[in-house]
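Report on the structure given below.
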Amino acid sequence: MTTFENIIELLSIHEIIKRLSIMEKNEMIDRLQDLKSVYPFSDYEFVISSLLGTNKMTLDEYENMRDVYIQKNYYLDVFEMAWKSMWMWAEKLLISWWHGLKKPSKKIDPNYSQRTSYDAYLEHDNSIIRVEIKASRVTESWNDEDIFIDKALFSDSDKPFWMNFQQLKPQYCDVFIFIAIYRDSIKYWILSSHEVKSYWSSKNHIGKFSKWQHSGNSWNEWQLHIRDTNISDFDEYLTESENISHAIIQTYKRQQKKSS
């Protein structure tokens, strides 16, 4: 689709655009193609202000369009964050919610190290479950757009996508929470560290789990690649947000059985 068609699709203003004459529509497209956009003056701002300025869109319609867009793109601002900020956002998201997750420290675990260890813990049966939280944004594969936000996908998209969960340290945790961030929603997978390592070593899955984050990395950091071609492998680990603490405990129990 052209830039103009993308804007119409994302703003869901197909009916409003029909109010333009052929000449008005072509003029808007021509001006849009020659437009230089600098924040906060974007292509979207130009189309909206043009429709308002020519009385093709009412203020009530604008407010409704804005509300609908925000609801449909609730997490779009996360795609504008730097990688480190996104990871911190995801960690804060889970710990701030009531899942029983807490920040670890040496007081809780003498072996804890912020540099190499896990992100959170959950108390269970007088022990702690070490939890590593990893997040990745779901973006369209083979998209040549320079702006990361233009690659962001909705959860019902059928386009090919790619996620990369980086800096995994299964040797330092019991359970992983993988967070997939879409434009409109979030999905959670909860796996034990054993299940993460087993996925890589499985004969059918070679190449989908990369053992080394960086060449020669002394901490042995791993990374997990999830694409449209293998996402179904993780269906059994999908968890609703309200069930996260329960899923962590159940996953931990599976881990203990494998270790015994």
Subject >> TRP87 being crowded, with 17+ Cβ neighbours inside 10 Å and within 22 Å of the chain's Cα centre (by Cα) >> reply: yes
Subject >> Within the stretch 128-187, tally of residues that are within 20 Å of TYR75 (Cβ to Cβ) and part of a strand (DSSP E or B) >> reply: 21
Original post:
Restricting attention to the stretch 220-260, and to residues there that are assigned to a loop (DSSP other than H, G, I, E, B), of a type outside the set (Asp, Glu) and touching a helix residue (DSSP H, G or I) at 6+ places or on another chain (Cβ under 9 Å), which single residue is modelled with the highest pLDDT?
Top reply: ASN230
**OP:** Need at least 3 residues that are outside the structural domain of CYS173 (by TED's automatic domain parsing) per element, so show me which helices (runs of 4 or more DSSP H) inside the stretch 1-106 make the cut, counting only ones lying wholly within it.
**Re:** 3-11, 14-17, 22-33, 43-53, 59-72
Original post:
Somewhere in the stretch 127-150, is a residue hydroxyl-bearing (Ser, Thr, Tyr) and buried (at least 17 other Cβ atoms within 10 Å of the Cβ)?
Top reply: yes
Original post:
Quick one: is LYS92 surrounded by 13 or more Cβ atoms within 10 Å (Cβ to Cβ), without any contact (Cβ under 8 Å) to a residue 12 or more places away in the chain and not acidic (Asp, Glu)?
Top reply: no
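The values are calculated or read from the model by the stated rules, or taken from the named source; none is laboratory data. Keep in mind that this is a model prediction, so the values were computed, not measured. As a convention, Cβ positions derive from the backbone with ideal geometry for all residues, glycine included, and neighbour counts pool all protein chains shown.
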